[in-house]
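The values are calculated or read from the model by the stated rules, or taken from the named source; none is laboratory data. Quantities reported herein were computed from a predicted structural model and do not represent experimental measurements. Positions of Cβ are backbone-derived with ideal geometry, glycine not excepted, and every protein chain shown enters the neighbour counts.
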Amino acid sequence: MGSNQQALISAQGLVQQQELIVKTAITRAGLANPAIRAAHIIATDSVTVPEAESVRPVDELIAAAVHERPDLAQAGIQVENSRTSLKGSLNALRPELDVVGTVQNGGLSGEINPVGAALTPGSALYPGGYGTALGQIFKNNFPTYIIGLQMTLPLRNRVAQADAVRDELQARQTQVRRQQLEDQVRLEVADAYVAMQQARAAYEAAIQSRVLQQQSVKVEQETFDVGLATNYMVIQYQTYLAQAQSTEVAAKGAYAKAMIALDRATASTLEVNQVSIQEARNGRISRPAARIPNP
């Protein structure tokens, strides 16, 4: 009796701890609000185990995880960024040829210099002020056109060479990390799939054990009714049945956790729970709120 009471107290404490975690996750103020701390989560649904598994083959799950995992997508972006940086560094080591062109317009105006006019007879004179100069500019009276080619040869550019080597190493490192992450994703999906199958088999075995214990209790009760058994034997078989029922509940919870781990490994948690990022961003929910399962 004392051990059962201790187990009950431990279970109640675990429930309270899980309530605190859930309330912190689903509320904005979290435990800072006294009303939220005092509130209790009442489960309105129970964990259900389908009669037949609807899980896709492990190869399809791995392919979906490689395509959908956000961490792999982020790693792919890092690989592309490193490749772009490497291209920029390699360009600094190549010769550079530039086409240079210049177009200028000038205007001449001012007071006539008698000395200059006497020294250069017949020269064009343009008396006037800023208006005369601006008019010549807009009329394109004195254009100047320049075009040329400019080539730059990077000879022994140590800085550019060092940048290219650094970016090449970084690009290789990002590729290796991306491949390692992809291998880790494949391993996680395969492990989660095996764990799910084991949890399913353990749950089915727990059901069979519970059914057998129920039959044993029924037989022992009938034997007691005809006076061929004692109360001790009936109570003992009822204890076995209670243990089998507890094992079944634990196996059902383990199966639910295994399915959640498989959904997380394949990046299908939002899809399975019908959660839309766009709805969350807009602050609207077009479906009933999800209920917390009670194992």
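Structure notes:
- Being out of contact with any strand residue (DSSP E or B) (no Cβ under 6 Å at 6 or more places or on another chain), acidic (Asp, Glu) and in a loop (DSSP other than H, G, I, E, B) is true of Glu53.
- Some residue of the stretch 42-55 being modelled with pLDDT of 80 or more, out of contact with any helix residue (DSSP H, G or I) (no Cβ under 8 Å at 6 or more places or on another chain) and surrounded by 11 or more Cβ atoms within 10 Å (Cβ to Cβ): no
- Scanning the stretch 177-185 turns up no residue that is surrounded by 14 or more Cβ atoms within 10 Å (Cβ to Cβ), out of contact with any Asp or Glu (no Cβ under 9 Å at 6 or more places or on another chain) and not assigned by TED's automatic domain parsing to the domain that holds Ala52.
- Hey, Thr102 surrounded by fewer than 14 Cβ atoms within 10 Å (Cβ to Cβ), assigned to a strand (DSSP E or B) and either of a type in the set (Val, Ile, Thr) or modelled with pLDDT of 85 or more (or both) or not: yes
- Counted residues, the stretch 203-236 - those being farther than 21 Å from Ala251 by Cβ and of a type in the set (Ser, Thr, Tyr): 3
- Some residue of the stretch 3-12 being hydroxyl-bearing (Ser, Thr, Tyr), at pLDDT below 85 and not assigned by TED's automatic domain parsing to the domain that holds Glu188: yes
- Residue in the stretch 156-203 that is farthest from Pro50 (Cα to Cα), counting only those that are assigned to a helix (DSSP H, G or I) and among the basic types (Lys, Arg): Arg158
- When the stretch 137-156 is limited to residues that are closer than 17 Å to Leu97 by Cα and surrounded by 10 or more Cβ atoms within 10 Å (Cβ to Cβ), the one that is modelled with the highest pLDDT turns out to be Thr152.
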